[in-house]
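*Asks:* Can you read through this structure? Questions will come right after.
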Ligand SMILES: Nc1nc2c(ncn2[C@@H]2O[C@H](COP(=O)(O)OP(=O)(O)OP(=O)(O)O)[C@@H](O)[C@H]2O)c(=O)[nH]1
Ligand SMILES: [Mg+2]
């Protein structure tokens, strides 16, 4: 039986146990959720670019974004057949509410309901991009209003493992190379710590790093890889990737008018271009560009000064010749594809595991808080699944590696993480081969890895913790071999 089947079985048992209680519906919801797309929350400090990244991932301007504090209510974006917004209050029944699409983004009319009384807005939006994953936009942590900030924390609080999200993208902007803002985000929230099992760090607004120089994304990539190796960061998130969300969002929704305006900006010598684009203020004030202030403001709003500079350079050097090519090039440079790839390998390939994990934790909590005839047995069944499923054993080893409880040389740790699925869960990824590796190549690599790990586990000089972790790795490799890899 698969892990998912086991989870479905205990959910069925729980459903019978709580049949006549108020909790039956919650169990039904857990069951529905197992079959639904993975839920990924986008969290981080105020103004870190959460809503912008969400839009970039969907490829449409859905979530409102703004320079002022903007997202005040947790908002879900999910695929469906019709366009619809459901207001889910803390108390009472969910109800459909009107919305308009203003300047691109979806503006919901919550009537006279106070934001504090709303648990979430649930937006159904037909989109291919939301087919595998439901994205959840959250209010910023560290919001001026403690109330709003609390809303996010009580939502993603990972110490309480029973949260509505299966996985989290933590956004952090980094304005000065060398400061530890990234870590500070996590530390100023003592109540909760991200868990590397289902959390990815995103160095957001990456174009602003290096003060908008053309190689800003290069600097961001270097900073992200430094964070990635930092043990303090590693125990919080699985990896860190840089992204210029605004560039990606704009690229996905670029218009012909915008392209034409950029041609006007690009129509001068490199020196002159550099001059007029030195800063946003200079760009707004210069009389050298035949664009109205509204048009300039619009460009800044959509591209940021770095984006305008980059787009002008691409046009002037004839790297791109039309709006479509510019869109592709900007998307390429934004880092969005890397975020997508990481979402796919670290979250989506493990979706059953992450979803079962969420369901089992939620159920265990219910059983602990609402004891009933049969809940003791239910809890021991949950315990048995959590202890028995190899996928969970892998996640536990991963956590201990990240928490520094199992120590080994860097290259051994890297190899273990890879075998445990940190670079992707396919056999080829786990064995460090190219994605198109053939079955023979995969089988040979698996046999070599097995021999090496058996030697390591049997070596009396190997530390006990590493030996225990090594046994899990060995089972992983045996599984790869058994599945015909
Ligand atoms: N230069 C630049 N600006 C960005 C980027 N991403 C977002 N912004 C700008 O930053 C501001 C805030 O972006 P949002 O996406 O609303 O940020 P948020 O984290 O959702 O903000 P709250 O919901 O208020 O917490 C907006 O003016 C965006 O245009 C980026 O990658 N680069
Ligand atoms: Mg927002």
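*Asks:* Could you tell me whether the stretch 98-114 includes any residue that is under 28 Å from residue 35 (Cα atoms), touching a residue at least 12 places away in the same chain (Cβ under 8 Å) and not in a strand (DSSP E or B)?
*Replies:* There is no residue in the stretch 98-114 that is under 28 Å from residue 35 (Cα atoms), touching a residue at least 12 places away in the same chain (Cβ under 8 Å) and not in a strand (DSSP E or B).
*Asks:* Another question, then. Pairs only if they're at least six apart or on different chains, beta carbon under 7 angstrom, first in the stretch 419-437 and under 13 Å from residue 395 (Cα atoms), second at pLDDT 90 or above and assigned to a loop (DSSP other than H, G, I, E, B); list them, first residue then second.
*Replies:* Sorted first by the residue in the stretch 419-437, then by its partner, the list stays empty.
*Asks:* Could you please find all residues in the stretch 41-61 being surrounded by fewer than 23 Cβ atoms within 10 Å (Cβ to Cβ) and within 10 Å of residue 135 (Cβ to Cβ)?
*Replies:* 58
*Asks:* Read through the list (1) outside any strand (DSSP E or B); (2) modelled with pLDDT under 85, then give the number of the only condition that residue 275 fails.
*Replies:* For residue 275, the failing item is (2).
*Asks:* Right, here's the next one. Can you tell me which residues in the stretch 249-267 are in a helix (DSSP H, G or I), more than 16 Å from ligand 2 (Cβ to nearest atom) and touching a residue at least 60 places away in the same chain (Cβ under 8 Å)?
*Replies:* Restricting attention to the stretch 249-267, the residues satisfying the condition of being in a helix (DSSP H, G or I) are 249-252, 256-266.
If we keep only those that are more than 16 Å from ligand 2 (Cβ to nearest atom) too, we end up with 250-252, 256-266.
Within the stretch 249-267, 250, 251, 252, 256, 258, 259, 262 qualify.
*Asks:* Can you tell me which residues in the stretch 61-75 are in contact with a helix residue (DSSP H, G or I) (Cβ under 7 Å, 6 or more places away or on another chain) and within 9 Å of ligand 2 (Cβ to nearest atom)?
*Replies:* Taking the stretch 61-75 and keeping what is in contact with a helix residue (DSSP H, G or I) (Cβ under 7 Å, 6 or more places away or on another chain), we get 61-65, 70-74.
63, 64, 65, 70, 71, 72 - these are the residues of the stretch 61-75 that are in contact with a helix residue (DSSP H, G or I) (Cβ under 7 Å, 6 or more places away or on another chain) and within 9 Å of ligand 2 (Cβ to nearest atom).
*Asks:* Taking the condition of being in a loop (DSSP other than H, G, I, E, B) and touching a helix residue (DSSP H, G or I) at 6+ places or on another chain (Cβ under 7 Å), how many residues in the stretch 380-419 meet it? I'd like the intermediate steps shown before the answer.
*Replies:* Initial filter on the stretch 380-419 (in a loop (DSSP other than H, G, I, E, B)): 389, 403-409.
Then drop every residue that is not touching a helix residue (DSSP H, G or I) at 6+ places or on another chain (Cβ under 7 Å), which leaves 389, 404-406, 408.
Result for the stretch 380-419: 5.
*Asks:* Go through the stretch 430-443 residue by residue and tally those that are exposed (fewer than 14 other Cβ atoms within 10 Å of the Cβ) and closer than 14 Å to residue 481 by Cβ.
*Replies:* Our first condition is that a residue be exposed (fewer than 14 other Cβ atoms within 10 Å of the Cβ); within the stretch 430-443, this holds for 434-436, 438-440.
Cutting the leftovers down to closer than 14 Å to residue 481 by Cβ gives us 439-440.
Residues that pass the stated criteria total 2.
*Asks:* Is at least one residue of the stretch 71-80 away from ligand 1 (no atom under 16 Å from the Cβ) and crowded, with 16+ Cβ neighbours inside 10 Å? First the steps, then the outcome.
*Replies:* Step one: list which residues in the stretch 71-80 are away from ligand 1 (no atom under 16 Å from the Cβ), which gives 78-80.
With crowded, with 16+ Cβ neighbours inside 10 Å added as a condition, the list becomes 78-79.
Among the residues of the stretch 71-80, at least one is away from ligand 1 (no atom under 16 Å from the Cβ) and crowded, with 16+ Cβ neighbours inside 10 Å, which makes the answer yes.
*Asks:* Still on this model: Could you identify the single residue in 285, 295 that is more than 13 Å from residue 333 (Cα to Cα), surrounded by fewer than 22 Cβ atoms within 10 Å (Cβ to Cβ) and modelled with pLDDT of 95 or more?
*Replies:* Numbers: 285 fails: modelled with pLDDT of 95 or more.
On inspection, the qualifying residue turns out to be 295.
*Asks:* The conditions are (1) assigned to a helix (DSSP H, G or I); (2) more than 7 Å from ligand 1 (Cβ to nearest atom), and residue 41 fails exactly one of them. Which is it?
*Replies:* (1)
*Asks:* Can you tell me how many residues within the stretch 12-53 are away from ligand 2 (no atom under 16 Å from the Cβ) and closer than 20 Å to residue 350 by Cα?
*Replies:* 10
*Asks:* Can you pull out the residues in the stretch 193-242 that are farther than 13 Å from residue 171 by Cα, touching a helix residue (DSSP H, G or I) at 6+ places or on another chain (Cβ under 6 Å), at pLDDT below 80 and part of a loop (DSSP other than H, G, I, E, B)?
*Replies:* Within the stretch 193-242, 196, 197, 210, 212, 235 meet the criteria.
*Asks:* Any idea which residue in the stretch 120-138 is nearest to ligand 2 (Cβ to nearest atom), counting only those that are within 18 Å of the chain's Cα centre (by Cα) and either at positive phi or assigned to a strand (DSSP E or B) (or both)?
*Replies:* Per the stated criteria, the residue is 137.
The values are calculated or read from the model by the stated rules, or taken from the named source; none is laboratory data. Here the structure is a predicted model, which means the values were calculated and not measured. No Cβ is skipped: glycine too gets one built from the backbone with ideal geometry, and neighbour counts run over all protein chains shown.
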